[in-house]
Amino acid sequence: MERKEKKSKKKQIVKLLGIVLSLVILGFMVYQFVQNWNDIQPYLANTNWIILIIAIILYAIAFLSTGYNWAYVLWNLDPRLTKREYLNIHMISALARYIPGGIWNIVGKAYMCTEKGVEKSATTASMILEYVFQIVSSGLFFIFFLPVLMKEVLNLWLTIAFIAGILVVLLLLPWGVRVGTKILGKIFKEDLAEIYLTNRYVYSVLLRYMAVWIFTGFGLIVLVKAFSDIKFMQGIYLILSYPISWVVGFLSPSPNGMGIREGVLSLLLGSSYSYELVLLITLTTRIWTMLGEAVAFVGYQIYYHIGR
């Protein structure tokens, strides 16, 4: 009992610290936004609304694709429902992320799958695999980002070392995914011994998740394009930065990565964009994702119910 109470207190303290940290970071960024309003205002005044709407639609497609990846994983574990049905479960439960507590999307998925007769072990395993593939795929972008960050000091030997390191990481990916799955299985108290992930399966699913990250980065480029012209390398920074900022926010104690994701994104983009444009990008990106998710949810619900 005492151990459980101590663990519960620790969780509450960590959550409280996460909320405080996110509020501090967001407060600082909003303060900087207000302080730099005169420099930011011209970007907003020249907003291309057609491009902005396209950017929101692109994120809606990316969000649907992320849900489809989970549906694909669960369908492979338990094909009693169609991928279309699984995707509908994902779309409904995903919006629960915005409910305080941070667990309602997980609870929602588990409840709806159980109601439809899906094996509990398959549902839990699919959510664990979803987290592992999202974390690993987004983490890969950090490896690819390192040479970009260090481009001024790169020489032949460092380049060879980076290429060799990337090849080693790629070769060890299936092993890393299996280890990550076991660790999360223990955290979720789920025995995943019967699930064996072949190398081919790991690489194929990782490619799916990485493709979604790249598409999301392309959507982010379009979003920034609605406010300002951008150069090729600035676009590369956007594609590489967003998955990194997402995974740091995801792993942080902050609710839905609030504040942490924006803070990391601003740090990664700081050397490539003007300060006022970085502030605009980081604060509008969160609104962009929320609007995209809303569009995806409404659009899929219309499709789902019309097609029944």
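The values are calculated or read from the model by the stated rules, or taken from the named source; none is laboratory data. These figures come from a predicted structure and were not determined experimentally. As a convention, Cβ positions derive from the backbone with ideal geometry for all residues, glycine included, and neighbour counts pool all protein chains shown. Side chains included, ligands, DNA and RNA excluded: accessible areas come from the protein's heavy atoms. Shrake-Rupley method; radii C 1.70, N 1.55, O 1.52, S 1.80 Å.
On the stretch given as region 221-256, residues that are closer than 22 Å to Y131 by Cα and among the hydrophobic types (A, V, I, L, M, F, W, C) total 8. Just checking, does region 294-304 include any residue being surrounded by fewer than 20 Cβ atoms within 10 Å (Cβ to Cβ), modelled with pLDDT of 90 or more, part of a helix (DSSP H, G or I) and polar (S, T, N, Q)? Taking every residue of region 294-304 in turn, at least one turns out to be surrounded by fewer than 20 Cβ atoms within 10 Å (Cβ to Cβ), modelled with pLDDT of 90 or more, part of a helix (DSSP H, G or I) and polar (S, T, N, Q). Only one entry in S204, S228 is assigned to a loop (DSSP other than H, G, I, E, B) and of a type in the set (G, A, S), namely S228.
Out of all the residues in region 129-146, is one or more in a helix (DSSP H, G or I), at pLDDT below 80 and open to solvent by 80 Å² or more (accessible area, probe 1.4 Å)? Step through it out loud before you land on a result.
Step one: filter region 129-146 for residues in a helix (DSSP H, G or I), giving 129-146.
Adding the requirement that they be at pLDDT below 80 leaves 144-146.
Next, only the ones that are open to solvent by 80 Å² or more (accessible area, probe 1.4 Å) stay: none.
No: zero hits.
Scanning region 1-47 for residues that are assigned to a helix (DSSP H, G or I), at pLDDT 80 or above and open to solvent by 100 Å² or more (accessible area, probe 1.4 Å) returns L23, F28, Y31, Q35, W37, N38.
The C-beta contact set for region 174-202 (first residue farther than 17 Å from L74 by Cβ, second residue open to solvent by 70 Å² or more (accessible area, probe 1.4 Å) and at pLDDT 80 or above, distance under 8 angstrom, 6+ apart or interchain) comprises P174/N199; P174/Y203.
Is it the case, given these coordinates, that T159 is without any contact (Cβ under 8 Å) to a residue 24 or more places away in the chain and in contact with a helix residue (DSSP H, G or I) (Cβ under 8 Å, 6 or more places away or on another chain)? I'd like the intermediate steps shown before the answer.
On the way: without any contact (Cβ under 8 Å) to a residue 24 or more places away in the chain: yes; in contact with a helix residue (DSSP H, G or I) (Cβ under 8 Å, 6 or more places away or on another chain): yes.
When the stated conditions are applied, T159 passes them.
The set of residues in region 231-248 being surrounded by fewer than 22 Cβ atoms within 10 Å (Cβ to Cβ) and free of Cβ contacts under 8 Å to residues at least 24 places away in the same chain consists of K231, F232, G235, V248. Restricting attention to region 48-98, the residues that are open to solvent by less than 60 Å² (accessible area, probe 1.4 Å), under 16 Å from the mean Cα position of the chain (by Cα) and aromatic (F, W, Y) add up to 3. Scanning region 258-293 for residues that are open to solvent by less than 40 Å² (accessible area, probe 1.4 Å) and farther than 19 Å from Q35 by Cα yields a total of 13.
Only a single criterion out of (1) open to solvent by less than 30 Å² (accessible area, probe 1.4 Å); (2) charged (D, E, K, R); (3) over 17 Å from the mean Cα position of the chain (by Cα) is not satisfied by K116, namely (1). Inspect region 250-261 for any residue being at pLDDT 85 or above, closer than 18 Å to G176 by Cβ and aliphatic (A, V, I, L, M) and give the result as yes or no. Scanning region 250-261 turns up no residue that is at pLDDT 85 or above, closer than 18 Å to G176 by Cβ and aliphatic (A, V, I, L, M).
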